[in-house]
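**Student:** Just passing along the structure, written as structure tokens.
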Amino acid sequence: MLRDLWDGLPVLVQEVAVLLALLAPLLLIGGWLLRGFAPWPLVRAVLWRFRWANAMFVALIAISVGMGIGLIAQERGLRQGTAAAADKFDLIVSAPGSEMTMMLATVFLQPSDVPLLDGETYNMVANHPDVRLAAPLAFGDSYGDAPVIGTTEDFARHLSEDRIAGRMWQQPFEAIAGPAAPVSLGQVFTPAHGMGNEADLGAHGLVDFTVVGTFPRTGTPWDRAILVPVEAVWEVHGLANGHAPDAPNQLGPPFDAAYFPGTPSIIVRAEALWVNYALRSEFTRQNETMAFFPGTVLSNLYRVMGDVRQVMSIMAVVTQVLVAASVLLGLFILTRLFQRQVAMLRALGAPRRFVLSVVWSYAASLLVAGTLVGIALGVVATAAISFVVTQRTDILVNASLGWGEIHLAAAFLALTSLLSVLPALATLRQPVVEGLRA
């Protein structure tokens, strides 16, 4: 019954309820200690008297909280970024093999040595009545750190959502470039064969491409790619260009199977989304072709990432426990700074609970300040880490703090506030005379 009631609550109400439950120990302890007392003038005086030591203590707590929640938030941001990167790739058809390898090669442009599909296979896919787009890809060349990828005009327009600045290519040796590619509109470049340190700069002789268009940011690794007609990639490698000799200037489909050099993968889009499931079954043929959804492969990857998140969460909790122990030790040290003031209160006859409330309020003020600053620092750290991940992977990562990270910070605050009662109790065990002599 209670479970059904809980499940029926709005998500926001559930998250706030969990937050209040985590903060309940702090509220209960504070309510019991402060009931009937007003220790805040003394607490403010102690905070100001030892402000530099207090500021250092708050900074250490803030760094611990901020970095912990910032790192955990990246997993969710990376998951959203990779899902968005695969959004343009409904169905991929390739030679049988590893779906993960083909997805990394096709969607995330990771260099891979994979088998090719022949012209008859491509025509079988492209001529299917339910297929609206069947774009072959040709990898292997690069310019600087940007891959040069051969494809068709239809796929280039699909990838860019038909928002091409300049114009689409009209000749075999014209190109359009992504926003992160190291070329600009109107630039002429010569591609190298291969990628990275293994690239052969002189493999294609005096072959030049002219950049005639650019497309806007997509938030995917394709942002650093340079797209050219697939016919040009085949030709510079000394292969047929996919068309019969009597059609030398044709670009794009239809392709002649007899002159089709091969493609590692075909990007397929259907007339309707549900048709993709039927196409996947139809295009998955034993020892001939493999068809898969990148989203399905990513879901398997997310399952692993989910396990990683659990490990990261456990590590974060363990780290926070260690930090809490350090905070407890630090509070014992800090309370020694005003041991004399506490002894004077006790000598003047202040109730033990009042003395306890002063010391605990002082410790709780530092913990609350450190946690709040840590959450703010976590927002900054999350944005900074997202920027670095985006620059390194070309996957647009917009991680932000969620309720899970807020709950983690609240749990840390509640635990340390509960533990801060111990150094407060320890001050009451010190002899008054010894405290006055300190």
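**Student:** Looking only at segment 114-136, filter to residues that are hydrophobic (A, V, I, L, M, F, W, C) and in a helix (DSSP H, G or I); which one of those is least open to solvent (accessible area, probe 1.4 Å)?
**Tutor:** The qualifying residue least open to solvent (accessible area, probe 1.4 Å) is VAL125.
**Student:** Moving on. Can you name the helices (runs of 4 or more DSSP H) wholly within segment 1-112 that have at least 3 residues being over 30 Å from VAL389 (Cα atoms), in the same structural domain as ARG352 (by TED's automatic domain parsing) and in contact (Cβ under 8 Å) with a residue 40 or more places away in the chain? Give the steps one after another, and end with the answer.
**Tutor:** Numbers: elements: 2-7, 11-34, 40-49, 51-85, 99-106.
In segment 1-112, 11-34, 40-49, 51-85 are the helices (runs of 4 or more DSSP H) which contain 3 or more residues that are over 30 Å from VAL389 (Cα atoms), in the same structural domain as ARG352 (by TED's automatic domain parsing) and in contact (Cβ under 8 Å) with a residue 40 or more places away in the chain.
**Student:** With the requirement that a residue be among the β-branched types (Val, Ile, Thr) and within 18 Å of HIS407 (Cβ to Cβ), what does segment 11-50 give you?
**Tutor:** As a first pass, look at segment 11-50 and keep what is among the β-branched types (Val, Ile, Thr): 11, 13, 16, 18, 29, 43, 46.
The answer is VAL11, VAL13, VAL16, VAL18.
**Student:** I need a count of the residues in segment 118-174 that are more than 26 Å from HIS237 (Cα to Cα) and among the hydroxyl-bearing types (Ser, Thr, Tyr).
**Tutor:** 1
**Student:** Do you know which of the residues in segment 149-163 that are outside any helix (DSSP H, G or I) and either at negative phi or at pLDDT 90 or above (or both) is surrounded by the fewest Cβ atoms within 10 Å (Cβ to Cβ)?
**Tutor:** ARG163
**Student:** Only one of PHE215, PHE189, PHE173, PHE209 is more than 25 Å from GLN391 (Cα to Cα) and open to solvent by less than 20 Å² (accessible area, probe 1.4 Å). Can you tell me which?
**Tutor:** Answer to the check: PHE209.
**Student:** Working only within segment 341-399, note down all residues that are at pLDDT below 80, out of contact with any Asp or Glu (no Cβ under 9 Å at 6 or more places or on another chain), under 30 Å from ALA225 (Cα atoms) and open to solvent by 50 Å² or more (accessible area, probe 1.4 Å).
**Tutor:** Selection gives GLN391, ARG392, THR393, ASN398.
**Student:** Kindly provide the set of residues from segment 96-113 that are buried (at least 17 other Cβ atoms within 10 Å of the Cβ) and touching a strand residue (DSSP E or B) at 6+ places or on another chain (Cβ under 9 Å), ordered by number.
**Tutor:** From segment 96-113, those buried (at least 17 other Cβ atoms within 10 Å of the Cβ) are 99, 102-109; that's our starting set.
Across segment 96-113, the qualifying residues are GLU99, MET102, MET103, ALA105, THR106, VAL107, LEU109.
The values are calculated or read from the model by the stated rules, or taken from the named source; none is laboratory data. Just so we're clear, the structure is a prediction, and the values are computed from it rather than from any experiment. Virtual Cβ from ideal backbone geometry, glycine too; neighbours counted across all protein chains shown. These area figures cover heavy atoms from the full protein model, side chains too; ligands, DNA and RNA do not enter into them. Shrake-Rupley method; radii C 1.70, N 1.55, O 1.52, S 1.80 Å.
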